[in-house]
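K.L.:
Have a look at this one.
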Amino acid sequence: MLVKLIRNALGLVIVSADVVTRWSRIKRSPEAQQKVNEAASNLTLYHFFACPFCTKTRRVIYKLNAPVKKLSATQGSPHRDALINGGGKVQVPCLRIQHDDGQVEWMYESKAIISYLNERFAG
């Protein structure tokens, strides 16, 4: 109980610091932003609100101005079950990538996700 309280308090500090220190978003032409929006429509980020690695990943998504769908995978959430059934484990952040050919890829690790997002949307 005490550990959960401390973890939640630290999470609130991390998220608050994130909001206060966010970078500005990438600005694109309406046509370029529409392409990013379409590309991001096949992406879903499973996350915990107060997880520092999830916060780091969400910061990059914000900076890249990519409207990636975000789903909380907290205990008791139906999204947690989808994460387990699809990806095979409860580990966040996890990026679900729906490829054009119908294949689904589950990408774990914030560094890998951030690298993927930067390659896809930074240029």
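The values are calculated or read from the model by the stated rules, or taken from the named source; none is laboratory data. On a predicted model such as this, the values are computed, not experimentally measured, just so you know. All Cβ positions, even for glycine, are placed from backbone atoms using ideal geometry, and neighbour counts span all protein chains on display. Each accessible area value is taken on the protein alone, full model and side chains, heavy atoms only, with ligands, DNA and RNA left out. Shrake-Rupley method; radii C 1.70, N 1.55, O 1.52, S 1.80 Å.
K.L.:
Every residue in the stretch 68-123 that is out of contact with any Ser or Thr (no Cβ under 8 Å at 6 or more places or on another chain) and of a type in the set (D, E, K, R), please.
P.N.:
Listed by number, the residues that qualify are ASP81, LYS89, ASP100, ASP101, GLU105, GLU109, LYS111, GLU119, ARG120.
K.L.:
Cβ-Cβ below 6 Å, separation at least six or inter-chain, first residue in the stretch 26-37 and under 16 Å from VAL68 (Cα atoms), second part of a helix (DSSP H, G or I) and not polar (S, T, N, Q): which pairs?
P.N.:
These pairs meet every condition: VAL36/PHE121.
K.L.:
Just name the residue that is most open to solvent (accessible area, probe 1.4 Å) out of those in the stretch 64-77 that are closer than 19 Å to ASN118 by Cα and more than 9 Å from the chain's Cα centre (by Cα).
P.N.:
My answer is PRO67.
K.L.:
Which condition number does VAL36 fail, the rest of (1) open to solvent by less than 90 Å² (accessible area, probe 1.4 Å); (2) in contact with a Gly (Cβ under 9 Å, 6 or more places away or on another chain) being met?
P.N.:
That leaves (2) as the condition not met.
K.L.:
Something else now. LYS56 versus (1) open to solvent by 50 Å² or more (accessible area, probe 1.4 Å); (2) at pLDDT 90 or above; (3) over 19 Å from LYS70 (Cα atoms): which is the lone unmet condition?
P.N.:
Single failed check for LYS56: (3).
K.L.:
What number of residues in the stretch 78-109 are among the aliphatic types (A, V, I, L, M), under 17 Å from GLU38 (Cα atoms) and open to solvent by 60 Å² or more (accessible area, probe 1.4 Å)?
P.N.:
Looking only at that region, the number is 0.
K.L.:
Also, quick follow-up: Among what's in the stretch 8-33 and is among the polar types (S, T, N, Q) and over 19 Å from ARG120 (Cβ atoms), pick the residue that is surrounded by the most Cβ atoms within 10 Å (Cβ to Cβ).
P.N.:
Keep residues of the stretch 8-33 that are among the polar types (S, T, N, Q), which gives 8, 16, 21, 24, 29, 33.
Checking the rest, the ones that are also over 19 Å from ARG120 (Cβ atoms) come to 8, 16, 21, 24.
Values: ASN8: 12, SER16: 10, THR21: 8, SER24: 8.
For the stretch 8-33, the residue satisfying everything is ASN8.
K.L.:
Return the residue satisfying two criteria in turn: it lies in the stretch 77-121 and is in a loop (DSSP other than H, G, I, E, B) and within 22 Å of PRO52 (Cβ to Cβ), and of such residues it is modelled with the lowest pLDDT.
P.N.:
In this case the residue turns out to be SER77.
K.L.:
Return a yes/no flag: does the stretch 43-58 have any residue that is among the hydrophobic types (A, V, I, L, M, F, W, C), over 16 Å from ALA112 (Cβ atoms) and in contact with a helix residue (DSSP H, G or I) (Cβ under 6 Å, 6 or more places away or on another chain).
P.N.:
yes
K.L.:
Additional query: Scan (1) under 11 Å from the mean Cα position of the chain (by Cα); (2) open to solvent by 20 Å² or more (accessible area, probe 1.4 Å); (3) of a type in the set (A, V, I, L, M) for the single condition ILE61 breaks and write down its number.
P.N.:
(2)
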